[in-house]
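Notes follow the structure.
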Amino acid sequence: PLVTYIEFDGTPHRVEAAPDRTLMQLAIDHGVPGILGDCGGSCSCATCHGYIDAEWGPKLPAISETEAFMLEGVPEPRPTSRLCCQIRMTAALDGIVVHLPAEQV
Ligand code: FES
């Protein structure tokens, strides 16, 4: 499955998702600027913030209480904000687009 990350300046990065990786891990694996993932994916840093178009909402895992709490602290939260470490790629998410914020925490 393919993932497209779009940097804040509009630069796109298309990557082929290896099995069982999260959107945060895939960005790091491929050197996509704009995602840090400081906590290694334990939902405790919020440096993997991204905006995921609403059309994908129904296919995404629900936002846990912890993720919701962490999202309250990101710069410029939007209704489409998610933490990329909490979304594991599946075939159903093929083609997903992740817009990256101007800055992480
Ligand atoms: Fe730290 Fe996602 S990598 S919250």
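The values are calculated or read from the model by the stated rules, or taken from the named source; none is laboratory data. These numbers come from a predicted model, not from an experiment. A quick note on method: Cβ atoms are made from the backbone with ideal geometry, for glycine too, and the neighbour counts reach across all protein chains shown.
For this structure, a couple of remarks:
- Qualifying positions in segment 1-60 - touching a helix residue (DSSP H, G or I) at 6+ places or on another chain (Cβ under 6 Å) and part of a loop (DSSP other than H, G, I, E, B): P1, A17, I35, G37, G41, C43, A46, C48
- Selection within segment 2-55 - more than 16 Å from the ligand (Cβ to nearest atom), closer than 12 Å to H99 by Cβ and either more than 12 Å from the chain's Cα centre (by Cα) or not hydrophobic (A, V, I, L, M, F, W, C) (or both): T4, E7, F8, D9, G10, T11, P12, H13, D53, A54
- Condition check for P58: free of Cβ contacts under 8 Å to residues at least 12 places away in the same chain and away from the ligand (no atom under 16 Å from the Cβ): yes
- Residue under evaluation P19, criteria (1) surrounded by 13 or more Cβ atoms within 10 Å (Cβ to Cβ); (2) modelled with pLDDT under 95, criterion not met: (1)
- Matching residues, segment 49-104, being of a type in the set (S, T, N, Q) and either buried (at least 17 other Cβ atoms within 10 Å of the Cβ) or over 20 Å from T11 (Cα atoms) (or both): S64, T66, S81, Q86, T90, Q104
- Residues that are more than 14 Å from the ligand (Cβ to nearest atom) and assigned to a loop (DSSP other than H, G, I, E, B) within segment 78-105 comprise R78, P79, T80, M89, T90, D94, G95, A102, E103, listed in sequence order.
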